[in-house]
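First comes the structure, then the notes that go with it.
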Amino acid sequence: ARLAVLASGSGSNLQAIRDDLVARGAAASADLALVVSDRRAAGALERARGWTIPAVHLPKDEGATLDRLLREHAITHIALAGYLQLIPPDVVRRFHGRMLNVHPALLPAFGGPGMYGARVHAAVLAAGARVSGPTVHFVSEHYDEGAIVAQWPVPVRSTDTPESLGARVLAAEHKLYPWSIHLLTSGSLTLGPDGRVHGVPDI
Ligand code: GRF
């Protein structure tokens, strides 16, 4: 499989994904073939350049060229990692069942447009939730609404701030996302025609 990672931020999930692929060595079921960001200065692009992996800045109003970019690099799977732009519908359709996203809360709660970054964790704390954690899901036409693949519980502490909770959720993402991506690119994980997810082992 040839994986593209789309990121707008520091790229810590991108780093975790690449570290996982390197650790798997010959047993890896994907090559990291492309990194795309809508932010010229994104840490994700810096990391990719350090690995001599194609790193492309795609300004947010040029989403139309995303499909051409993915074809040029023969991309078969996409992982969104803090990518803040909506994916053009033709790309969502073409990558149905082959594009994942990670959200820093337990969807369907605390999701949807505008719910990203520290404001997610602030909402979790304001709601008095006792558990949060990352959600990995397939990408659909609507923000944060695709079929859920995996989640991991992160207890909320009485002393938590959005930053401290966010840091623990991010650490959980760094384990859950590479694991989920490997399930997908190795062929274990599939999205059925009924919209149900198959092939994820129980934790
Ligand atoms: C993470 O919090 C992730 O849950 C969200 O965007 C952030 C990406 O952070 N989708 P990074 O750029 O991977 O460090």
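Every number in this text was worked out from the coordinates using simple rules, so none of it is lab data. What you are looking at is a predicted structure, and each value in this text was computed from that prediction instead of being measured. Here the Cβ positions follow ideal geometry from the backbone for every residue, glycine too, while neighbour counts run over all protein chains shown.
Observations on the structure shown:
- Backbone geometry of the range 96-112 corresponds, through the Karplus equation with coefficients 6.51, -1.76 and 1.60 at θ = phi - 60°, to 3J(HN,Hα) couplings of 4, x, 9, 9, 10, 9, 10, 10, x, 7, 8, 4, x, 6, 6, x, x Hz, x marking Gly and Pro.
- Its Cα centre serving as origin, the range 81-203 has a Cβ charge dipole (Lys and Arg +1, Asp and Glu -1) of approximately 140 debye.
- 5 Å binning of all Cα-Cα separations within the chain, expressed as whole percents from 0 upward: 1, 8, 16, 21, 21, 17, 10, 5, 1, 0
- J(HN,Hα) series, the range 7-15, from Karplus relation 6.51 cos²θ - 1.76 cosθ + 1.60, nearest Hz, glycine and proline x: 9, 10, x, 5, x, 5, 5, 4, 4
- When only Cα pairs below 8 angstrom with a gap of at least 6 residues are kept, the chain shows a relative contact order of 19 percent.
- Selection from Ser12, Ala126, Asn101 lying farthest towards where the dipole of the chain points positive, charges on Cβ: Ser12
- Taken over the range 96-201, the alpha-carbon convex hull comes to 91 cubic angstrom per residue.
- Taken over the Cα atoms of the range 47-90, the convex hull encloses 95 Å³ per residue.
- Amide H contacts under 5 Å for Leu107, placed H, 5+ residues apart: Thr135
- In order through the range 133-147: 3J(HN,Hα) via Karplus (6.51 cos²θ - 1.76 cosθ + 1.60), integer Hz, x for Gly, Pro: x, x, 10, 9, 9, 5, 8, 10, 5, 9, 3, 6, 10, x, 4
- Dipole magnitude of the range 1-69 about its Cα centre (Cβ charges: Lys, Arg +1; Asp, Glu -1), debye to nearest 20: 100 debye
- Over all projection directions, the Cα-based convex hull of the range 2-84 averages an area of 4.9 nm².
- Spin-label pair Asp67-Ile203: with each label point 7 Å from Cα along the Cα-Cβ axis, the two points sit 3.6 nm from one another.
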